[in-house]
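Reviewing the structure listed below.
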Amino acid sequence: MATDISRLTARFISPGIEIINPHIERGFIRHVLFDFDGTLSLIREGWQQVMVPMMVEILRQTPQAESEEEIHHVVTEFVERLTGKQTIYQMIQLCEEIRKRGGEPLSPVDYKHIYHERLWQRIEHRVAGLKSGKIPREDLLVPGSLELLNALKQRGCTLYLASGTDKHYVIDEARALGIADYFGEHIYGAVDEYWTFSKQMIIEKIIKDHHLRGREFAAFGDGYVEIENTKAVGGIAVGVASDEVRRCGINAWKRNRLIGAGADVIIGDFREWERLLEYLFLVKAC
């Protein structure tokens, strides 16, 4: 037991930065991609508490529906499994589950719109509060986000924002949080024609357009998609296992999932941004 604890402790370069892969080529990053929800933004914290009950409610109305408990288990499994991809993929799965139970579904886009309407009821006051100034933006940002974005810009990095949430929501919420200008025209999000957009497409385009070697590209995200896509091009993947409720510490479920996806580094937030950049860039943070 003592040996295992010693080995685990050695993987931390500071209390909040866990090194999973010590063999990455550091010091070359020029382009950095961020996921949005859960990585930078906390506006949509609790979205699962909207999506899962909505889907359970719909499936309970099908001709061959199981018990509410059984359906809840099924829905939770596929919602969690598809988290990180565009929202439409969870709705596509919902349609498949409706058909399995003898029902006739609406289109996945229809269900996505119903979900967004319900989610808006939960988060509207957050967005309005940010825009009016009644809610400080720091309250709905993962701690340390602004400091990290500033420091990366000072280093001359080009920043990108890519989300599975619909693009117009991402732009609006990024502006409300005061971070849209860090990304400029490089803000990407889901569209109804879901086959025309993916994080993989964005990452591959960045690599191709700028003739990057993998070590020159890094991504920060709390979902497996951007981590897997980044490792597929040889980039550096920082898993953000954020606890969106407490706004501190590590979410164990996210951590395990991010490590499974290939994360090189695990953090819970950006409070230790200086130490993190010292590690990634091999120089003192600005």
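Taken together, the values in this text are just the output of simple stated rules run on the coordinates, not laboratory data. On a predicted model such as this, the values are computed, not experimentally measured, just so you know. FYI the Cβ positions are ideal-geometry reconstructions off the backbone, even for glycines, and counts take in every protein chain you see.
Tabulated data
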{"item": "Cβ-Cβ FRET estimate between Ala180 and Ile114, R0 fixed at 25 Å, reported to 0.05", "result": "0.35"}
{"item": "Relative contact order for the range 80-142, counting Cα pairs under 8 Å that sit 6 or more residues apart, in percent", "result": "21"}
{"item": "Between 0 and 90°, nearest 10: helix 87-100 axis offset from the chain longest Cα axis", "result": "30"}
{"item": "Estimated distance in nm for a label pair at Cys248 and Lys131, the labels positioned 7 Å out from Cα along Cα-to-Cβ", "result": "3.3"}
{"item": "Shape call, the chain: gyration tensor on alpha carbons, a/c limit 1.5", "result": "prolate"}
{"item": "The range 48-132: C-alpha gyration tensor shape, a/c 1.5 cut-off, then a/b vs b/c", "result": "prolate"}
{"item": "Rounded to 10°, Cα long-axis angle of helix 199-209 versus longest principal axis of the chain", "result": "40"}
{"item": "The range 127-192 - percent relative contact order, Cα under 8 Å, separation 6 or more", "result": "38"}
{"item": "Pairs beyond 32 Å (Cα-Cα), from Lys100/Lys199; Lys100/Lys231; Lys167/Lys231; Lys208/Lys254; Lys131/Lys153; Lys134/Lys231", "result": "Lys100/Lys231; Lys134/Lys231"}
{"item": "Amide H contacts under 5 Å for Gly46, placed H, 5+ residues apart", "result": "none"}
{"item": "Helical mean residue ellipticity (222 nm; -39500 (n - 2.57) per DSSP H run of 4+; nearest 500) of the chain", "result": "-15000 deg cm²/dmol"}
{"item": "Given charges at beta-carbon only (K, R positive; D, E negative), |dipole| of the chain in Debye", "result": "820"}
{"item": "The chain: relative contact order in percent, alpha carbon pairs under 8 Å with at least 6 residues between", "result": "27"}
{"item": "Coil-residue trypsin sites (Lys or Arg not before Pro) of the range 193-276, DSSP, other Cβ within 10 Å capped at 12", "result": "Arg246"}
{"item": "Charge context of Ile207, other residues only, Cβ under 14 angstrom, K/R +1, D/E -1", "result": "+3"}
{"item": "Helix axis angle, 145-154 relative to the chain longest principal axis, alpha carbon, degrees", "result": "50"}
{"item": "Efficiency of FRET from Cβ geometry, Ala232 and Leu106, R₀ 41 Å, rounded to 0.05", "result": "0.75"}
{"item": "³J(HN,Hα) computed for each position of the range 161-173 - Karplus, 6.51 cos²θ - 1.76 cosθ + 1.60, integer Hz, glycine/proline x", "result": "10, 9, 9, x, 6, 4, 4, 5, 5, 4, 4, 4, 6"}
{"item": "The range 199-275: chymotrypsin sites (Phe, Trp or Tyr not before Pro) in DSSP coil with no more than 13 other Cβ atoms inside 10 Å", "result": "none"}
